[in-house]
Amino acid sequence: MCITKAQIVELSTILDRLNAIDSSDGRMQYLESQVEDADLFLEVLKKVNKNNLRIKKGRSVPDVQKTKYVFETADVLARFQSNSVESISANSSKEELVAMYHTIFHTKPLSSFSKTRIVQTINGYIHDMNRFDALLG
């Protein structure tokens, strides 16, 4: 059995009109005029678990193209190696820094992060990666 689009639209219309009626007597009269078995209809609706109706989407990665700044990893690394944390923080907008953070970590920083904290986090990551490379020789 397959429920057609027309049946779904009809059900939606019935539910919309049912929600618009104020009195319970009016709702029952409307239901009895629209469905064959009003009691069965209401029992089926009671069984619906709204939480199970949500279609779960996989964890999505924010789209960097929505911002006007797009950085390559090499560009971010070069910028941090040639400038100090203070100068990067002073000369960059928060939107630029968020784009750099996304380039390195593939996620957005917490909204509570200040410009300085974003720069320090990226700088700490680069420092750790340099130490790791040095240890591997």
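With a Cα cut-off of under 25 Å and a minimum spacing of 8 residues unless on different chains, the lysine pairs in the chain number 20. The charge dipole of the chain, taken about its Cα centre with unit charges on the Cβ of Lys, Arg, Asp and Glu (plus for the first two, minus for the last two), comes to roughly 560 debye.
Can you compute the equivalent ellipsoid semi-axes for the chain, i.e. the square root of 5 times each eigenvalue of the Cα gyration tensor, sorted largest first and rounded to whole Å? Please report the intermediate quantities before stating the final value.
Values: eigenvalues 713, 57, 35 Å².
Equivalent ellipsoid semi-axes, largest first: 60, 17, 13 Å.
Beyond 16 Å, how much of the Cα-Cα pair distribution for the stretch 64-136 remains, as a whole percent?
Result: 45 percent of Cα pairs exceed 16 Å.
Based on the Stokes-Einstein relation at 4 °C and a viscosity of 1.567 mPa s, and on the Kirkwood radius from alpha carbon pairs, the stretch 1-45 is assigned a translational diffusion coefficient of 116 µm²/s. Helix 115-136 versus the longest principal axis of the chain: what angle, 0 to 90°, nearest 10, using Cα atoms? Approximately 60 degrees, to the nearest 10. The HN-Hα couplings worked out from phi for the stretch 23-38 by the Karplus form 6.51 cos²θ - 1.76 cosθ + 1.60 (θ = phi - 60°) are 8, 5, 5, x, 5, 5, 4, 5, 4, 5, 7, 9, 10, 5, 10, 5 Hz, whole numbers, x standing for Gly and Pro.
Throughout, read-outs are computed from the coordinates displayed, never taken from laboratory work. Keep in mind that what you see is a predicted model, and the values were worked out from it rather than measured. In this analysis, Cβ positions are derived from the backbone assuming ideal geometry, glycine residues included, and neighbour counts consider all displayed protein chains.
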